[in-house]
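The values are calculated or read from the model by the stated rules, or taken from the named source; none is laboratory data. If you're wondering where the values come from, they're calculated on a predicted model, not measured in any experiment. Heads up, the Cβs are rebuilt from the backbone with ideal geometry, glycines too, and the neighbour counts pull from every protein chain shown.
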2 protein chains.
Amino acid sequence: MTTQQTQGPLSGVTVIDLTRVLAGPYSTMILAELGARVIKVETPGGDDAREYGPFVNGKSAYFISVNRGKESIALDLKDDGDRAVFDALLAGADVVAENFRPGTMEKLGYGWDELKDRYPALIYAACSGFGHTGPHSKRPAYDMVVQAMGGIMSITGQPGQEPIRVGMSIGDIGAGLFTTIGIVTALYDRARTGRGRKLDVSMLDCQIALCENAVARYGATGKAPGPLGGRHPSITPFQTFRTLDGWMVVAAGNDVMFRRFCDILDRADLKDDPRYASNNLRNENQASLEAEIETILAARSTADWLGLLDPAGIPASGINNIGTVMAHPQVEPRNMVVEVDDPTAGRLKVAGNPIKLSGYEDPPARATAPDVDQDRERILGELAARAVSA
Amino acid sequence: MTTQQTQGPLSGVTVIDLTRVLAGPYSTMILAELGARVIKVETPGGDDAREYGPFVNGKSAYFISVNRGKESIALDLKDDGDRAVFDALLAGADVVAENFRPGTMEKLGYGWDELKDRYPALIYAACSGFGHTGPHSKRPAYDMVVQAMGGIMSITGQPGQEPIRVGMSIGDIGAGLFTTIGIVTALYDRARTGRGRKLDVSMLDCQIALCENAVARYGATGKAPGPLGGRHPSITPFQTFRTLDGWMVVAAGNDVMFRRFCDILDRADLKDDPRYASNNLRNENQASLEAEIETILAARSTADWLGLLDPAGIPASGINNIGTVMAHPQVEPRNMVVEVDDPTAGRLKVAGNPIKLSGYEDPPARATAPDVDQDRERILGELAARAVSA
């Protein structure tokens, strides 16, 4: 059984999910986590992401991570018989989601203009590179392209060095999050108005929304912000420092913390240095303060420093890798790494659901992702039963 | 007037907003964009973010960006008179949102356990560094700390070099997005059940959710992924390249695009090179392929190359800075830079709303952010009128 994994706030909501690869599937994965039934409608060849590594016994962990808890039926939307099945699915659905290039659904005869008349309560959610309007609407996009185009790479990295890609797919994941907000908002709206809506989310738009502070900064100063390596643009000390055995961040975000930090460094003199008397002054004299601090921190290990900073209430951390964060003592109690038990891949750990809502369970295991077309017979049976009772 | 800026899908929803600085305010800003009435309840000194630069005529652009369209009333929640006002606000509210350190609301007598009995339909949204449960719950956190602790810095940057902070505050903004999903989901849930819920979002949890692919990769292989500079871990060529006058990204995501790319480079021989015959092989031989491509791309300008790549449908882009992305021809038609007209700061450009829903307006201007306590008289008047009519 790969039906919805648990009762949730979206139980009873059915999503017909045409999305592929990442932005759309991430969004519908969250809906499934919240209790929605997500029926993935794949081409007979299956979602391309099934071919993305790493693989466990030949099954893609990439795919499982963002498709767990969904059902699958393969349909060729150019075939009349399969179109009839798709029509029947839409008739019973609350949401249809797609992340094709704009125009694709229209060519298939399933554009919003057609659907809204046939299914006036259906919510149509589209997530694309550039949106369904505007002169660049039909251009292709990938995460890498919108990261470059949307400005986030221009503020990430070391000044004067090669531009850095944000290590997770913020282009796709960011758009997936806004798409999710839009879908749930449309569900709420429909509960009051009875009407479906079209949601039109663009990956590029989402990059601008994510970089709101840099946009406001440019709006206020006319100067485009640049990358700052491991530090914050307007708070000091609030950055990465080298230690004896690695790196750490210290975020002494106000005067009280700064003064406590100086005591821990055994440099009470810095507290009274007029160059460092306020955050604004520390920010202006960041380079000299960094040099003072760096020398001291470099003499001891990250663990040693954390042993002093944590009890003093100064926010600080080593730079965890994905393995060390999964072992962090706060992660298991928050159930943020959950397990799927896949018939092919076996037991696999994936990220949990950060939306913790009282009154709904957050079990430690999730249903796995389906094989292509795995739920066809059951879904067709349901549609037949519904046709008989109608 | 700083009341809600437009009719939206959340019109009629009232949010009592105790959040400060960034994660919480970003979330309630989205709710305001969707039509909710957001009443910011500040301490008499005001939100700390009012002191964060850059400033325009003394008013913080940082603050305006994430607080536009909200109202403000200043209350001292330790003062009996102000507590009575706060109680009256809660009695008329749909949502109360806070991003204090866990325990703060309980100390004030406004913890969920008290509120849920007094206001059974009230949604209580908490966003904190580590969540309201678990052994690290009460520790302080900032964006910088959860970026370091949550693993994203370990996969961002150049291999072997200093860890890089993601240039926007993904620790705060990511948590703000999940908080928004949770709040709207709870509103939908309440429309069906009549019950309020507690939402408990942790910034650290959200980092794990955002890094889902890296988590699944670690789960599948037991190896923690490292940083890869400007390239994608499993697709090639899909990365940053140097050109004659700067940098660009090319995302030739499949065989067809790779072959077209080779033609544009005038290197048809690469198409038939057995080392590059499939994406898997190109990925294995990334270094040698990169060297081949790099030499050619370095001979011409980014604009020249885009003039060849765009018509061929190969996703590519220069590295925009925030100024150039704001001037991108797709941005104005999508209304992704909007204007506030602030009585102090004047006209200021801020990021627009990427959640485009049919049937609701997306005007090119927004109401600005309020001064501290600006809406006190009107709000008190409303509460008095409500008390009389009750």
Quiz item: Before we move on, is A:D273 more than 14 Å from chain B (Cβ to nearest Cβ) and either at positive phi or in contact with a strand residue (DSSP E or B) (Cβ under 9 Å, 6 or more places away or on another chain) (or both)?
Solution: no
Quiz item: Among the residues of region B:46-68 satisfying the criterion of being touching a residue at least 12 places away in the same chain (Cβ under 8 Å) and of a type in the set (G, A, S), which is nearest to A:G219 (Cα to Cα)?
Solution: B:A61
Quiz item: Just checking, how many residues over region B:76-103 are buried (at least 17 other Cβ atoms within 10 Å of the Cβ) and within 25 Å of the chain's Cα centre (by Cα)?
Solution: 9
Practice problem: Pick out the one residue from A:D205, A:D245, A:D200 that is of a type in the set (D, E, K, R) and outside the structural domain of A:I181 (by TED's automatic domain parsing). | Solution: A:D245
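Can you tell me how many residues in region A:130-143 are in a helix (DSSP H, G or I) and within 7 Å of another protein chain (Cβ to nearest Cβ)?
Here is the first cut: in region A:130-143, the ones in a helix (DSSP H, G or I) are A:143.
Subset that is within 7 Å of another protein chain (Cβ to nearest Cβ): none.
The qualifying residues number 0.
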Self-check item: For A:L75: the one exception among (1) without any contact (Cβ under 8 Å) to a residue 24 or more places away in the chain; (2) away from every other protein chain (no Cβ under 14 Å)
Solution: (1)
Exercise. Just need a number here: residues in region B:307-344 that are facing chain A (nearest Cβ under 8 Å), of a type in the set (D, E, K, R) and surrounded by fewer than 20 Cβ atoms within 10 Å (Cβ to Cβ).
Key: 1
Self-check item: Whichever residue in region B:345-361 is crowded, with 17+ Cβ neighbours inside 10 Å and outside any strand (DSSP E or B) and, among such residues, is farthest from the chain's Cα centre (by Cα)
Solution: B:A345
Exercise. Read through the list (1) closer than 17 Å to A:Y360 by Cα; (2) among the β-branched types (V, I, T); (3) more than 7 Å from chain A (Cβ to nearest Cβ); (4) more than 14 Å from the chain's Cα centre (by Cα), then give the number of the only condition that B:V146 fails.
Key: (1)
